[in-house]
Structure formats: structure tokens, C-alpha cells
Amino acid sequence: MAGMKKVLVAALVAAFAAFIGHRILKLHQILANREVTVKHLKCHYLKNIEYGAEDITILRDGLAFLSTGLKYSVLPSFSDEPGKIYILDLLHPKPTPVELQIKGDLDLSSFNPHGISVYTDEADDSVYLFVVNHPQNKSQVEVFHFVQENTLVHLKTITHPLLHSVNDIVAVGVENFYASNDRFFLNDALQFLSIFLGVPFCQVVYYSPKEVRVAADGISSANGINISPDKQYIYVSDIIDREVDIFERREEEQLVYLKSVAVGSLCDNIDVDHRRGDLWLGCHPNSMKLSKYDPEDPPGSEIIRIKDIHSEQPVVSQEYVDNGHVLQASTIAAPYEGKLLIGTAFHKALCCDLK
Ligand SMILES: [Ca+2]
Ligand SMILES: [Ca+2]
Ligand SMILES: [Ca+2]
């Protein structure tokens, strides 16, 4: 009997050790500094963007919105100024970002914009900009009405206990959106433990003025979120699992998980080419360099495209790669008519030629 007990304990200890070993290996993969081979495009820096453009979204008429100046706990930041929203006309011969004036009841001194999304109301062509905002490290969503040429009128601030760690949003109506939470625990130690143990607790939340609820869960860390051109599918970048999760929108805005596509990098925000349906991802090839920032050995940038994501064999390709000497910490890449805008967490932004 005692021998049996010993065998059982030894088996349990071995299984536990194997599990811990497996998790250490996984964590090592997440934190690994991949040495990247540079692959450049013909690009130039965007004027006026020195402290990051974490998220970028482009309207069909070529107007791009840029969310700039993010201050986020896990990332370095090099400006004491509050964040700003810029606009850029890609149809202009020399596109230059211009700061949007914000009117209405919003505290601009603590404005800290993160993920953004635009929604055009087809009834009257009104454009609404949804912005994740982190004043005093809180998490809330601001809704603005965009008024040509350069004004945002603040309409409302949305807060909710389920919107506790919002990274990005995708608007699906004038007052409706999906939001991705990039962590489950607000406590850093518990959050690290959940990542170490590989427990996928993160959620996508659906918001409408009538109800707020969890639309999808089981995600390790939900970062960028976006929608297919036909509005049938929602894409979420699970940054820790280095994959894009695909969900189908069903009745009453429930999301049904379909599959994940491995991307081999820690991918941040997602833009979707409205013509072809390709996904463009701003990714981090060296996560350790990102958190332990050293200007002598900066974190690199990696832009990944996924073609035919709904087919049996999606095509995942590197479209732009830099070792940090040109561009650090890319978070978003948005294509438009042969051009590609690339934004970063805290560094500059690029406008590149794809042709
Ligand atoms: Ca976004
Ligand atoms: Ca996952
Ligand atoms: Ca993000």
C-alpha cells in the first residue's frame, strides 16, 4: 500500500514538473527576442508624430485617424503631454497629420487614447469615432462625432465594470461596439500567474446602451479587434498566444469561435483591407526589448499580412520588418490604395508605398 502511494506521489510530482517545464518553455517563447531579418518598403516618417500612433483607422475616402501619445503601464513613454487624435488625408499629394480639435465636455489634460474605431452612419453619412481612453490608468470609451475638417465633438463617456482593461474596440453601430480586454486580473501578480499557468481568461465584451455582456471568452490576452468587410466575422489578436482568433457574429451579437490562425509574432492591432479582406497586423518581434527599453538596443517592428483567412490554408506573410533602427514597437499597419500607414506604441509613424 505504502509502495503504491509512493508511485502515485512520484507520478504526480513528475506530471507537475512536466507541466511547469512546459509552461516555462511557453513563457520563454512569449518573451523570446527573435532576431529579425530587415525587410523594408519605400517609406517616410509622418510629420508631427514623435510619441507613437498606437492605432490608426482609415475611412473609405482616404481620411486616416491616428491615436497618439499613449501612456500604458507595460510600455515606455517619452512625453508628458496628454494624448491627441490626428487626421491625415491620404489623397493629398503630401499627406501630413493634423491635430483634431476636441470640443465638448472631456478633460483633455488626462486624455490618453489607445485603440480606436470609426463608424459611418449610412442614414446621414455621419462619422463617429470611438476611442479607448485611460485617464488616471482607468479604462473607458469616448464617443465623438467627427465634423469636417478638423473637429471632434465629444458625445459621451462610457464606463462599465466589464470594460475594465480595454485595449481596442470595433464599432458596429452608432452606439454599439465590441471591446477587447487585454487582461483579466487588475492585480499584476495574479495576471502574471494566469499567463504563466496558461489560463485564457480574457474576454470580448459587447456594449449597447441596453445591455453590456461578455460576447466571447477563453482568450489569453485580447489586443486588437476588427471586423470583416461583410460584417459577418470578428477578428481578435490573442497577443500572448501569437494567433488571430476568428469569431462569427450570430443573433443578438453573440460571437461563436471558429478557429485561430498562428502568426508567429506578438501581434497588436488589426486593420482589414476593405477591398480584399486581408488582415494587416502590427506586431512585436522582441517583447523583452519592448518592456526593458534600451535606446542602444531598441525593440523592432514587424508587419504581418494574412490572406484568405477563411480558407483552409490562410497565407501569413511578413510585409515589413525592422530591427528598431528605423521604427520601434509597431502596433498597427493600415493599407489604402497602394499606401501603408504604420503606427507604433511610443515611437514614430511611417507612410510607405506598397506598389
Ligand atoms: Ca482599432
Ligand atoms: Ca488563444
Ligand atoms: Ca493594441
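The values are calculated or read from the model by the stated rules, or taken from the named source; none is laboratory data. Everything numeric here is computed off the predicted structure, so don't read it as measured data. Using ideal geometry, Cβ is built from the backbone for each residue, glycine included, and neighbour counts are taken over all protein chains shown. Please note that ligands, DNA and RNA were not included when accessible areas were found on the heavy atoms of the full protein model with its side chains. Shrake-Rupley method; radii C 1.70, N 1.55, O 1.52, S 1.80 Å.
Some observations on this one:
- Over all directions, the projected convex hull of the C-alpha atoms in the stretch 231-295 averages 5.6 nm² in area.
- Listed by chain and number, the aspartates and glutamates whose alpha-carbon sits under 18 Å from that of residue 47, ignoring those within fewer than 8 places in the same chain, are 55, 81, 89, 99, 353.
- Theoretical gain in end-to-end length, residue 257 to residue 28 [0.36 nm per residue, Cα-Cα removed]: 79.7 nm
- Sites counted here are GluC sites (Glu not before Pro) in a DSSP loop (not H, G, I, E or B) having no more than 13 other Cβ atoms within 10 Å; the longest part of the chain that contains none of them is 36-121.
- C-alpha center-to-center spacing [the stretch 238-288, the stretch 167-198] in angstrom: 14 Å
- The antiparallel fraction among DSSP beta bridges confined to the chain stands at about 95%.
- Normalising the average separation of contacting C-alpha pairs (under 8 angstrom, six or more residues apart) by the number of residues puts the relative contact order of the stretch 106-237 at 17 percent.
- Comparing 63, 197, 128 along the charge dipole axis of the chain, the residue lying farthest to the positive side is 197, per the Cβ-charge model.
- In the elastic network of the chain, a GNM with C-alpha springs shorter than 10 Å, the most mobile of 332, 24, 225 is 24.
- Calculated FRET efficiency for the pair residue 160/residue 6, C-beta based, R₀ 56 Å, to 0.05: 0.60
- In this structure, residue 208 and residue 42 have a Cβ-Cβ separation that, at R0 = 51 Å, corresponds to a calculated FRET efficiency of about 0.75.
- Nearest-20 debye value, the stretch 32-353 charge dipole, Cβ charges on Lys, Arg, Asp, Glu: 380 debye
- Here the Karplus curve 6.51 cos²θ - 1.76 cosθ + 1.60, taken at θ = phi - 60°, turns the phi angles of the stretch 107-124 into couplings of 6, 6, 5, 10, 5, 9, x, 10, x, 9, 7, 10, 10, 9, 7, 5, 4, 9 Hz, with x standing for Gly and Pro.
- Dipole moment magnitude, nearest 20 debye, the stretch 20-64 about Cα centre, only Lys, Arg, Asp, Glu C-beta charged: 260 debye
- Subtracting the Cα-Cα distance of residue 59 and residue 124 from 0.36 nm times their residue separation leaves 21.9 nm of extension gain.
- Between the helical axis of 2-31 and the longest alpha-carbon principal axis of the chain there is an angle of about 20 degrees.
- Heavy-atom accessible area ranking, 1.4 Å probe, most first, across 288, 4: 4, 288
- Each Cα pair under 8 Å and six or more residues apart adds its separation to the average, and for the chain the resulting relative contact order is 17 percent.
- Remark: the stretch 253-260, residue by residue, has Karplus-estimated 3J(HN,Hα) of 6, 7, 9, 10, 5, 9, 6, 10 Hz, where x stands for each Gly or Pro and the curve is 6.51 cos²θ - 1.76 cosθ + 1.60 at θ = phi - 60°.
- Taken about its Cα centre, the stretch 102-207 carries a charge dipole of roughly 460 debye when the Cβ of each Lys and Arg holds +1 and the Cβ of each Asp and Glu holds -1.
- Structure remark: mean-square fluctuation, Gaussian network model of the chain, C-alpha springs under 10 Å; the largest value among 17, 123, 216 belongs to 123.
- Checking the cross-link pairs 84/138; 42/292; 42/231; 39/289; 156/348 against a 21 Å limit on the alpha carbon distance flags 42/292; 42/231; 156/348 as lying beyond it.
- For the stretch 317-328, Karplus couplings with θ = phi - 60° (6.51, -1.76, 1.60), whole Hz, Gly/Pro x: 9, 7, 9, 7, 9, 9, 8, x, 7, 9, 9, 10
- Secondary-structure-derived ellipticity at 222 nm for the chain, considering helices only, amounts to -4000 deg cm²/dmol, per-run term -39500 (n - 2.57) for DSSP H runs with n ≥ 4.
- The residue 354 and residue 15 beta-carbon pair, evaluated with R₀ = 35 Å, returns a calculated FRET efficiency of approximately 0.10.
- Close amide H partners of residue 168, meaning residues 5 or more places away or on another chain with modelled amide H under 5 Å apart, are 180.
- The residues of the stretch 190-272 present an accessible area of 40 Å² per residue when probed at 1.4 Å with all protein chains retained.
- Spherically averaged projected area of the convex hull of Cα atoms, the chain: 20.7 nm².
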